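The structure under discussion appears below in the form of structure tokens.
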Amino acid sequence: MKKRLIIGILLSVVFIYLSVRGLNFKEVAASFRAVRYGYIIPVLFILLFIQFLRSYRWGLILSPVEKINQLSLFSVTCVGFLAIIAIPARLGELARPYLITHKSNVKMTAALGSIFLERTFDVLTILIMFFTVALLTPLPPWLMKSSVTFFVIILCVIALMIFLVVRRDTSLKILKPVIGRLPEKYSHKSEELINLFISGFKMISDFRLIMYVTFLSMLIWTVSALAIYILFFAFDFHLPALAAITVLIVVIIGITIPTAPGFIGNWHFFCILGLGLFGISRVDAMTYAILYHFLAIGIAIVLGLVFLPSNTFFLSDLHKG
């Protein structure tokens, strides 16, 4: 983890350098003074609503395993996203599944399966939005090629998950030779863990639930794009709604790179890159990136700190989990 932290910090430094290279900071300060800050209020409400939607969707994904009350789901989601922001090397991703095991009877492996399924829905939804945008506006070839690759991978992952759920016994038979090579004391435990992991995406066998989770995934990311679009008005950017979706997608691609805590550097660089596709100057794009990052990360930190006292954990807990 220390190596990944060092690499992440170095990458952040590189992205910060690329973001600020050649910028006139006096012009950036002047750009901040010109911002119409009244638009921040609706953006904050939208970001709060997104966090609620995420927790509600997660509850639906977990519902075939166990129905969990919404307050527990929301509090754990808030602390989980705080952990993702604060803990390097993506170890924070383990916080939500670990914490939900202390609020319910859901096992850690099943909770991890639910997070895996949630991320799959997120990526698939973002890719669908991307290809919709690509039909309506020209995008760089590198963005198209990488998106097609991701799309094929996600379709393969979804097909695999469906097979694991629908043909669980067959799946275990296929995996048995691999499990059988493990020491006897581990082989039985491994089979049990695989079963629990598969149970984390049981909802795939329920078509109505799939449709509902798909709708919520589309809603989450559409509303996320809406926050970006409303923030355009704060800067007097005369850009179409498609530009907001494009910026969202480019930023998401950027923050998948494991950098320093808080996505510092990569968030800003890729936001500038996305806005640059629509002719926004680097000064205005940098100002926008700083404010957008501050609002999105800020509300996640505040919500996480509010619920942290009732959802405490240590890094050693995540390693054990």
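Throughout, read-outs are computed from the coordinates displayed, never taken from laboratory work. Predicted model, so just to flag it, every value in this text is computed and none were measured. A quick note on method: Cβ atoms are made from the backbone with ideal geometry, for glycine too, and the neighbour counts reach across all protein chains shown.
Overview of values
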{"item": "Two-site FRET efficiency, residue 132 against residue 312, from Cβ-Cβ distance with R₀ of 30 Å, rounded to 0.05", "result": "0.10"}
{"item": "Estimated distance in nm for a label pair at residue 145 and residue 66, the labels positioned 7 Å out from Cα along Cα-to-Cβ", "result": "4.7 nm"}
{"item": "Proxy reagent accessibility, fewest Cβ within 10 Å first, across 238, 293", "result": "238, 293"}
{"item": "Long-range HN-HN contacts of residue 265 with modeled amide H, under 5 Å", "result": "none"}
{"item": "Karplus 3J(HN,Hα) series, Hz, for the range 203-218 with 6.51 cos²θ - 1.76 cosθ + 1.60 (x for Gly, Pro)", "result": "4, 4, 7, 10, 4, 5, 5, 4, 5, 5, 5, 4, 4, 5, 5, 4"}
{"item": "Relative contact order of the range 246-293, pairs being alpha-carbon contacts under 8 Å that are 6 or more residues apart, as %", "result": "36 percent"}
{"item": "Trypsin sites (Lys or Arg not before Pro) within the range 1-68: DSSP coil, no more than 13 neighbouring Cβ in 10 Å", "result": "21, 36, 67"}
{"item": "Extension gain (nm, one decimal) between residue 236 and residue 255, 0.36 nm per residue minus Cα-Cα", "result": "4.3 nm"}
{"item": "Per-residue ³J(HN,Hα) for the range 105-122, Karplus 6.51 cos²θ - 1.76 cosθ + 1.60, θ = phi - 60°, Hz, x for Gly and Pro", "result": "9, 5, 7, 4, 5, 5, 5, 5, x, 5, 5, 4, 5, 4, 5, 4, 5, 4"}
{"item": "Filtered chymotrypsin sites (Phe, Trp or Tyr not before Pro), the range 238-321: DSSP coil and at most 13 other beta carbons within 10 Å", "result": "314"}
{"item": "Where labels lie 7 Å past Cα in the beta-carbon direction, separation of residue 40 and residue 4 in nm", "result": "3.3 nm"}
